[in-house]
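What follows is a single structure, written as structure tokens, with notes after it.
Nothing in this text is a laboratory measurement; each read-out follows from the coordinates by a stated rule. Computed from a prediction, not measured in an experiment: that's the story for all the values here. Please note: Cβ atoms are built from the backbone with ideal geometry, for glycine as well, and neighbour counts cover all protein chains shown.
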Amino acid sequence: MGAPPFPSRTYDPRDFELSQMAPWVRALRAFGARLGIQGTPFAVNGVLRRRLYARRHKLWEYAAAVACLYADGERRLRILDFGGAATLPVYFFASRGCEVSCLDIDAALCEATNRAAVRHRWKLRAAPVDLLDSEPSPGMRGPFDAVISASVLEHLPKNQQAKAVARLAALLRPAGVLVMTFDFGADAPQPCAVRSVEEVERLVVASGLAWMGGQPFHDTGARFALDRRHPDRKFTFGAVFLERGA
């Protein structure tokens, strides 16, 4: 199912110009503005408020997932989002007819997600479940066509990250896809950020999944001031595209 818009690697601003990415960046921007005009708030970095856009590097994360899952054309997929309640990609997929489930430990964001689902008549539901401590309810255990997660991994304890990735992978159907992004680099401000290519490779081994396209993760070496709260800390984002065997 699908194909990644670029191989698993770190953030490159030139990705916005890729033919696989550009249309979805525009679509996400337009959708975010429409939500703002309609009065539906969405969350960025856990902060829920009415807004008209997401910052450029967040759009990179979101568009990468959309481009991957829709590489063969739009379909009504069954998708699980991990840790992204009330975020733009969750709403975007739901607005296009996908059945979306979201697991997030933030009960308030889950409530906001479910309110938006009722308002817009989306096939979307969120539950405040800690995947590390408990199993999701039977209706949210899959199998899913895809699992997506944007900048959540670095908020989990280091010794729990592999467990989380393995549990997410287990919820995929055969040939299902996992798209995951995360803070990356030695100077990334989150204490549990992924620091090296070797860490990424260990997480992929724990997942039991294969690299889409057969290409392992590559660090371009570029670093950026991506966090306004830490303007002196230069780091980047990583994206991995994985698939389960048929």
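Here's the list of lysines a cross-link from K234 could span, going by alpha-carbon distance under 19 Å and ignoring same-chain residues fewer than 8 apart: K58. Which of rounded, prolate, oblate describes region 40-172, given a ≥ b ≥ c as roots of the alpha-carbon gyration tensor eigenvalues and a/c under 1.5 marking rounded, otherwise prolate only if a/b is larger than b/c? Cα axes put region 40-172 in the rounded bin.
Neighbour counts of other Cβ atoms within 10 Å put F31, F237 in the fewest-to-most order F31, F237. Summarised in one figure, the compactness ratio Rg/Rh of region 9-243, Cα atoms and Kirkwood Rh, is 0.93. For region 50-76, the residues whose amide N sits under 16 Å from a probe point set 7 Å from the Cα of F224 along the beta carbon direction are 54-65.
How far is the Cα center of region 86-110 from the Cα center of region 123-177, in Å? Between the Cα centres of region 86-110 and region 123-177 lies a distance of 13 Å.
Loop-located trypsin sites (Lys or Arg not before Pro) in region 51-143 (DSSP state not H, G, I, E or B) with no more than 12 neighbouring Cβ atoms inside 10 Å: R55, R76, R121.
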